[in-house]
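Each remark here refers to the structure printed beneath this line.
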């Protein structure tokens, strides 16, 4: 049995970008349960040990993937925007990212040590924004994130129907606006 070596067939060394590309494809095509270091190594035709030169383990791989996919969620932040507008914009970007790659979100749920890096920074930013609006920042952060996850997963299921996906985006924004209005109404700092 020929085992793949540390270099792909074309003679070029495996790179972190190639690993992340293959891991994301594996997640998107086969779901979060299919992502293992062995399956990933087989996909890019290297030994599993070759991957460990770039990522320490599956959790570190998920952290790197979340940095790539969710990194844009924090881009475009403007400190001069009112907190509620900044919160809305951040959640809309996060919702889109979850909808594009739902298996990544599910994989992070299944591996608590993968909740690090960008995902932690997003949660911290959300909580900071929410805390300007209410004393119950942790509760409202969880409500808003859970809503983004649920709707984002539904969005992913509709990816083959562009019209329906657009409808889901509009409905998410409408529901988000209702949640933010409830937050504002109930959350006046006491």
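Only the coordinates and a few stated rules stand behind these numbers; no lab work does. Every value quoted in this text rests on a predicted model; they were computed, and no experiment measured them. Neighbour counts are summed over all protein chains in view; Cβ atoms, including those assigned to glycine, are modelled from backbone coordinates with ideal geometry.
Translational diffusion of the chain was estimated from the Stokes-Einstein equation, with Rh taken as the Kirkwood radius over Cα pairs; at 20 °C and 1.002 mPa s the coefficient is 119 µm²/s.
Against the chain, whose longest principal axis comes from its Cα atoms, helix 118-131 is set at around 0 degrees. Counting only alpha carbon atoms, the long axis of helix 162-186 and the longest principal axis of the chain meet at about 50°.
A crude spin-label estimate for the pair residue 127 and residue 147, with each label 7 Å from Cα along the Cβ direction, gives 2.0 nm. The calculated FRET efficiency for residue 15 paired with residue 184, based on their beta-carbon distance and R0 = 30 Å, is about 0.05. What base-10 log of the normalised intensity I(q)/I(0) is obtained for the range 70-170 from the Debye formula, alpha carbons as equal point scatterers, at q = 0.12, 0.13 Å⁻¹? Evaluating at q = 0.12, 0.13 Å⁻¹ gives log10 I(q)/I(0) of -0.40, -0.47. Peptides 30-41, 123-134, 94-105, 171-182 ordered by packing proxy, namely the average of other Cβ atoms within 10 Å per residue, highest first: 94-105, 123-134, 30-41, 171-182. Per residue of the chain, the DSSP helices (runs of n ≥ 4 H) give a summed -39500 (n - 2.57) that works out to -21500 deg cm²/dmol at 222 nm.
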